[in-house]
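Notes for the one structure printed next.
Values in this text are rule-based calculations from the coordinates and carry no lab data. Remember, predicted model here, so these are calculated numbers, not experimental data. Here the Cβ positions follow ideal geometry from the backbone for every residue, glycine too, while neighbour counts run over all protein chains shown.
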Amino acid sequence: MDERQFALTLKQQERYRFAVSFDGLGGAQLTMDEPTPLGEGRGPNAARVLGAAIAHCLSASLLFCLKKARVDIAGMEARVTGSIVRNEEGRLRIGGIRVELVPQVVPEAKQRIGRCLEVFEDFCMVTQSLRQGIDIAVEVTVEDPASAT
């Protein structure tokens with residue numbers, strides 16, 4: 001199996017607001033926060049970032065296929081709707097995520113889009129990984145605030 005790695009760091013700024021730094025991306029950052037009343041809604045929460053990750057991966061996969069098939073597009077939009085439900089224990093969970101992809105395909109290229117619509121989802125690593133289940137390991141390392149940098 002070809003294994004690659006990625007890394008990122010979250011640092012608490014205030015209450016439930018975190019700064020996310022993406023290693024290897026030249027200082028790219030994202031602010032995440034919980035919506036009110038828990039947080040202040042100053043950024044997307046984890047559920048919204050997950051929805052964005054799924055939509056971005058699907059969009060990039062479809063775009064890649066369309067370019068290889070020489071299907072010209074004028075642009076691409078993705079619309080995401082997620083549902084939050086409670087499980088049997090009353091805990092909040094993501095019940096489902098619906099993604100609508102809207103490529104603006106130039107008329108003369110529409111006949112070449114068929115094969116891409118059949119295969120692009122299989123090449124989206126995020127969507128397919130979530131569908132198959134991802135092995136998630138969690139470790140908690142308790143630090144003394146005086147030693148934290």
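Summary table
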| quantity | calculated |
| --- | --- |
| Highest-first arrangement of 31-37, 107-113, where packing means the average Cβ count within 10 Å | 31-37, 107-113 |
| Cα-Cα pairs of the range 53-124 separated by more than 17 Å (percent) | 49 percent |
| Per-residue [θ]222 nm for the chain (sum of -39500 (n - 2.57) over DSSP H runs n ≥ 4, rounded to 500) | -8000 deg cm²/dmol |
| Ala146-Leu8 pseudo-label distance in nm [points 7 Å out on the Cα-to-Cβ vector] | 3.5 nm |
| Pairs of alpha carbons in the range 37-93 whose separation is greater than 13 Å (percent) | 72 percent |
| Protection proxy ranking of 67-79, 47-59, 133-145 - average other beta-carbon atoms within 10 Å, highest first | 47-59, 67-79, 133-145 |
